Amino acid sequence: RFGLSDSGRGWDVTGRDLRLDSGGSQLTVEAGGERTVLNLVVPGVHNARNALGALTAAGLVGVPLADAAATLGDFHGARRRLQLLAERGGVKVFDDYAHHPTAVRLMIEALRRQVPGGGRLWAVFQPHLRTRTEQLFDEFTGAFAGADEVLLVDVYSPKGREPEGDYRGSAELVTALGHPSARHVPALDDVRTLLARELRPGDVALIMGAGTIERLAQQVAQDLSGRAA
């Protein structure tokens, strides 16, 4: 069993004194009488917990705790998991596969520390499947509170994959959020134009979803790379 010291007792692998910053996190790990310091370059509490799981698995197959921690310290993340696509002119663009309310909330929380004073955290999201959006609608309403600006595009629903029905979509979700800066921008191309116009130094754009929004993330990164430094 593994976990952070503030989330339970009796862990076999325990993370203590977690410190989060814009570049990742640091924590002390204790396991089987051993202790080591783990420095991560991937941000967020969720990644600290993931790392403890990885250290537990490594220990079970005989990898020394310090060696496993050192290796994890060199891990820079997986593709489309808080992947930094571009950084220019004081603006950062991240891409993430998040399509569930819990993942959306955690990704926003993880990047909050990346936003300097005066900057804004943009959450750009494409809901995945009409059925999933309907089933998780109430959970989605609380997932975006940590963002300064929220843009929701239309739900991604591949033709023929879902049954016909009366589903709530992005427009209804924007209304339900109650977020003062949430907007429904149906088309990806229109979001691209909006971000090109409105992103300013200090802003962080987090583009999330499991559908065609990956293309938008790449385009926004290209647009940013074309800006003056």
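Observations on the model:
- The chain: proportion of alpha-carbon pairs further apart than 21 angstrom, %: 59 percent
- Given charges at beta-carbon only (K, R positive; D, E negative), |dipole| of region 130-215 in Debye: 240 debye
- Cβ-based net charge around Ala196, under 13 Å, with every Lys or Arg adding one and every Asp or Glu removing one: 0
- Sorting the segments 94-107, 10-23, 149-162 by their residues' average number of neighbouring beta-carbon atoms within 10 angstrom, most packed first, yields 94-107, 149-162, 10-23.
- As a rough guide to protection, the peptides 112-118, 85-91, 124-130 ranked by mean Cβ packing within 10 Å, highest first, stand as 124-130, 85-91, 112-118.
- Inter-part distance where region 19-77 and region 85-153 are each reduced to a Cα centre, Å: 25 Å
- Whether region 124-229 is rounded, prolate or oblate, judged on the alpha carbon gyration tensor where a/c under 1.5 counts as rounded: oblate
- Å² per residue, accessible surface of the chain at 1.4 Å: 49 Å²
- 3J(HN,Hα) from dihedral phi, region 140-149, Karplus parametrisation 6.51/-1.76/1.60, rounded to Hz, x for glycine, proline: 5, 5, x, 7, 10, 4, x, 8, 7, 10
- Dipole size of region 180-229 about its Cα centre, with +1 on Lys/Arg Cβ and -1 on Asp/Glu Cβ: approximately 80 debye, rounded to the nearest 20.
- Rounded to the nearest 20 debye, dipole of the chain from Cβ charges on Lys, Arg, Asp, Glu: 300 debye
The values are calculated or read from the model by the stated rules, or taken from the named source; none is laboratory data. Computed from a predicted structure; not experimentally measured. Every residue, glycine as well, gets a Cβ built from its backbone with ideal geometry; the counts of neighbours run over all protein chains shown. Just the protein is used for accessible areas: all its heavy atoms, side chains included, with ligands, DNA and RNA removed. Shrake-Rupley method; radii C 1.70, N 1.55, O 1.52, S 1.80 Å.
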